Amino acid sequence: MITFNNISKVYNSGAQTITALDQVTLEIKEGEIFGVIGFSGAGKSTLLRCVNALETPSEGEVLVGGDLLATLSPKQLRKKRKTIGMIFQHFNLLQAKTVFDNIAIPLYLLGYKKRDVKNKVRELLSFVELSEQAHKYPDQLSGGQKQRVGIARALATDPSILLCDEATSALDPQTTSSILALLKKINAAYNITILIITHEMNVIQEICDSVAVMENGRVIETGSVFDVFAYPKTATARRFVSSVLQDELPLSLQQMLYKQDETHQIYRIVFTGESTGQPLLSQVAKNFHVDVSVLYGHVTELQGTPFGNLVVQLKGEANEISKTLAYIQDQAVEVREVVSHAS
Amino acid sequence: MQVDWNTFYQDMLEATGQTVTMVVFSLLFSVLIGIPLGIALVVTREGHLLQNKWLFRLLSIIINIFRSVPFIILMVAIIPFTRFIVGSSIGTAAAVVPLIVYAGPYIARLVETNLLDIDPGIIEAAEAMGATPWQTIFRIMLPEAFSSLVLSVTIATVGLVGASAMAGTIGGGGLGDLAISYGYQRFETDVMIVTVILLIVFVQGLQSIGNVLSKKLRRR
């Protein structure tokens, strides 16, 4: 649906050149919810704006629904933009217009008749659960309600793509969840491809199918949300994963690591999918001469698949410990030695 | 020497009428000139809807030139132009021309400020919706800035009331002319006081109307 083909964006400001995007190649499939995560300044906002040509790349090409954006005339581009909805961190609603009129703007721009506008806006209002607020002004709404208006406005032209620019970053956690649920509902109800940029990993965890991690204008890691969460490859990805999975070891545990010797060793056991349900630790205790103590851990769900992370200490003879480890690995469960913090 | 108020009130009424005429006509035309100019000053700047560096600079320089000439000098300086437009360089109609030349660029600058105050995010949203530059101006920017535009026009109107008082210099008449020729040149203090009070009432009334309108339009 959206293809970024080796795109770069370089800004020249005076003698300085700033590389906002550095040879980014990504493919976003129809109907998926794709998240791009990165710290501020990573280039994700520029990337998002390349989809509706609010930004044009200095190099490379962007294909949206089969059209090469760079080849479109201004008129064709405006037509294309009507198939791409966009919502913003600060909502960008017209302060002088009511909720109803804000949602109606894109329809009037398309030349809809008044009656058709009315029907469409009513339908959108009920979809985003704001029918009661139709005649209020944006200033009278809460942040979550404002974003709902933004979403309704973005959906007014029946787009096939929805771009979300830090859409939940100005909202509290509870409101964030309700907006994310709404986005999921839109994705399911209309099969709209959603591209989200965010710096909040919980957004990725809650609704995305795939994710790309950006740093310094580059995509440093990409894959399904499950893979990136379970097996982050880069330090930045690990930091983001840690921010929601809380798999970073507490300080007291980190101090214990220094006391490790051959008979007391600490391991991280990663359960994914079916293995999460296995009585692994009790098997270990029964079959091997080791003592197992759970130091830290949690189980969560990623894209509907259970995912667990346990930090355990194994006490026993060195060769018993290595037999235990071999057994655990045989069960298709990943186990890693914890050597330093956050590994 | 005291004026006879029994007959003088008619001069007063006539002068008030001249002031109103001057202000209304010059306001009408300077709004017609100033608003498009103000829009142009915003949308032609770098990175905006209809970016055009040279047009932007040209407009800006021309407006600055008019804005830097004091009204009383401007009035005299453009006499040939005034004569070309209204066929005469004296009288109320002739005073309207320099008032427009004075207030038009002033309004342009005020409108520019109002439009620049709009959150750029709103203009970006319009672009993302696929709005044409004209749709963005008329359907997004102007409605969004409308209540502050009303306040700006109010400021310009009050400025015109003040400037119109100087129009007496070229025989434009009006309250200002009355105050100068009776109150100052003939030491008729009471005429001076009455005209000043009238002008104050004028300005207060205009500002109040502007404030109420603007507040109504803001409706938040």
Please name which of A:Thr168, B:Ile122, A:Ala42 has its Cα lying farthest along the dipole of the protein assembly as shown towards the positive end, using unit charges on Cβ (Lys, Arg +1; Asp, Glu -1) and the Cα centre as origin. B:Ile122
Inside 10 Å of the C-beta atoms of A:48-54, what's the mean count of C-beta atoms belonging to other chains? 2
Could you give the Stokes-Einstein D for chain B in µm² per second, using the C-alpha Kirkwood radius, 37 °C, 0.692 mPa s? 173
Which lysines, on any chain, are close to A:Lys79 with Cα under 29 Å apart, when same-chain ones fewer than 8 places away are left out? A:Lys9, A:Lys29, A:Lys44, A:Lys97, A:Lys113, A:Lys114, A:Lys118, A:Lys120, A:Lys146, A:Lys184, A:Lys185, B:Lys53
Treating only the Cβ atoms of Lys and Arg (+1) and Asp and Glu (-1) as charged, compute the dipole magnitude of the protein assembly as shown about its Cα centre; round to the nearest 20 debye. 1720
List the aspartates and glutamates whose Cα lies under 14 Å from the Cα of A:Lys80, skipping any in the same chain that are fewer than 8 positions away. A:Asp67, A:Asp158, B:Glu127
Provide the per-residue ³J(HN,Hα) series for the range B:58-75, in order, calculated from phi with Karplus coefficients 6.51, -1.76, 1.60 and θ = phi - 60°, each as a whole number of Hz, with x at glycine and proline positions. 4, 4, 4, 5, 4, 4, 4, 4, 5, 6, 8, 8, x, 4, 5, 7, 3, 4
For the range A:2-244, the Rg and Dmax computed from alpha carbons only, in angstrom: 18.1, 55
Starting from the amide H of A:Leu21, placed 1.01 Å from N in the peptide plane, find each other amide H under 5 Å away whose residue is 5 or more places distant or on another chain. A:Lys9
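Calculate the dipole size of the range A:2-244 relative to its Cα centre from +1 charges on Lys and Arg beta carbons and -1 charges on Asp and Glu beta carbons; express the result in debye to the nearest 20. Mind dumping the intermediate values first?
Numbers: 27 positive and 24 negative charges, 200 e Å.
So the dipole magnitude of the range A:2-244 works out to roughly 960 debye.
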Which value, to two decimals, describes the C-alpha radius of gyration of the protein assembly as shown once divided by 2.2 N^0.38 Å? 1.42
Have a look at B:Tyr182, B:Thr16, B:Ser89 and report the one farthest towards the positive end of the charge dipole of the range B:8-218, computed about the Cα centre with Cβ charges (Lys/Arg +1, Asp/Glu -1). B:Ser89
Karplus ³J(HN,Hα) for the range B:129-145 (6.51 cos²θ - 1.76 cosθ + 1.60, θ = phi - 60°; Hz, whole; x = Gly/Pro) runs 6, x, 6, 6, x, 5, 4, 4, 5, 7, 9, 10, 5, 4, x, 5, 9
Cα centroid of the range A:20-75 to Cα centroid of the range B:189-204, whole Å: 65
Taking the dipole of the range A:251-337 about the Cα centre (Lys, Arg +1; Asp, Glu -1; charges at Cβ), the one of A:Gly308, A:Ser252, A:Thr272 that reaches farthest to the positive side is A:Ser252
Rounded, prolate or oblate (a/c below 1.5 giving rounded, otherwise prolate when a/b exceeds b/c) for the range A:8-99 by Cα gyration tensor: rounded
Can you give the helix-only mean residue ellipticity at 222 nm for the protein assembly as shown, where every DSSP H stretch with n ≥ 4 adds -39500 (n - 2.57) and the sum goes over all residues, rounded to the nearest 500 deg cm²/dmol? -16000 deg cm²/dmol
Tell me, what ³J(HN,Hα) does each residue in the range B:43-48 have, in order and in whole Hz, if you take phi through Karplus 6.51 cos²θ - 1.76 cosθ + 1.60 with θ = phi - 60° and put x for Gly and Pro? 6, 8, 6, 4, x, 9
Could you let me know the centre-to-centre spacing of the range A:200-218 and the range B:1-64, using Cα atoms, in angstrom? 54
Enumerate the amide H contacts of A:Thr222 below 5 Å, restricted to partners 5 or more residues apart or on another chain; note that Pro and chain-start residues carry no placed amide H. A:Val213
Cα-centre dipole for the range A:251-337 with unit charges at Cβ (Lys and Arg positive, Asp and Glu negative), debye to 20: 140
The local net charge around A:Gly60, scoring Lys/Arg +1 and Asp/Glu -1 for residues other than A:Gly60 whose Cβ lies under 15 Å from its Cβ, equals -2
Partners for A:Lys315 among lysines (Cα-Cα distance below 17 Å; same-chain residues under 8 apart left out): A:Lys259, A:Lys286, A:Lys323
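Quick note: the coordinates plus some simple rules give every number you see, no bench work behind them. Worth saying up front: this structure is predicted, and the values here are computed from it rather than measured. Positions of Cβ are generated from backbone atoms using ideal geometry, with glycine treated the same way; all protein chains shown enter the neighbour counts.
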